[in-house]
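The values are calculated or read from the model by the stated rules, or taken from the named source; none is laboratory data. The structure displayed is predicted, hence computed values, not measured ones. Side chains included, ligands, DNA and RNA excluded: accessible areas come from the protein's heavy atoms. Shrake-Rupley method; radii C 1.70, N 1.55, O 1.52, S 1.80 Å.
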Amino acid sequence: MSVPASPSSASEPRSAQGETRRHTIALVDDDRNILTTVSIGLQAEGFSTRVYTDGETALKAILENPPDLAIFDVKMPRMDGLELLRHLRERSSLPVIFLTSKDEEPDEALGLAMGADDYITKPFSQRLLAARIRAILRRSELVRTGPEEPIQENLPEPVVRGRLALDPARHQVEWDGQAVSLTVTEFLILEAMALRPGVVKSRNQLMDAAYNDDIYVDDRTIDSHIKRLRRKFRAVDPAFNAIDTLYGAGYSFSDEHAAGTAAGQEG
């Protein structure tokens, strides 16, 4: 089920042919009133929308025809938002925002740990939702640049720290030569630490690196992303321990733990 789009906004990105391209947002919620209200609000902000009332239908449609970003309610019949995200993350790093109620905080934290990029608590401001969508889309734009696009000048240089290799221009991450798939938010948090190895980054500094549009994000959001980062790296290297925690202060990337090769790695 989809809602007709409104006229395109001049602020939207342009295609290779110079035509304005509207970002498409998939909305998944079993409450049709919320779907209609949010969809109309986002269209007024210049987005195109596709709406779905259950997770199973949404998963199939999103995988077959990916939008630019998806917004999931947590509590839904047939397949809830958490299960929907779990299935999606098996095949895609599509940016995802969760809509949650105040009494769903454990689910909210779990969703972030599973790879959601952000969450918004109901009731919420349409303006805040649009701002967060734009912030995530701006950060993910390089991910969506196809290989046929012209090579841009002054692209950021790759970052190599021992076994870690980051390519900001291509949003690619490798650990000891093995690819690690990260969401845009996870990539930016890791990059902020890797650029200054050994320097403890506070949660506020990591928030600024990943959420640079004056958007409030609480401490547990960063903690959840750090846990997710560690889990992803340990999937390719069970002994990964290059992200250090200084309790009460923040996190840092350890050059010492990233040095060497897998064969010569310390236990």
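Counting heavy atoms of the protein chains alone, E45 has an accessible area of about 70 Å² for a 1.4 Å probe. With an a/c value of 1.5 or above and a/b larger than b/c for the gyration tensor axes a ≥ b ≥ c computed over the alpha-carbon atoms, region 156-209 is described as prolate.
A probe of 1.4 angstrom, applied to the heavy atoms of all protein chains, finds S254 with accessible area near 10 square angstrom. D31 exposes around 60 Å² of accessible area when a 1.4 Å probe is run over every protein chain in place. The accessible-area ordering, largest first, of the residues R170, R196 stands as R170, R196, per a 1.4 angstrom probe.
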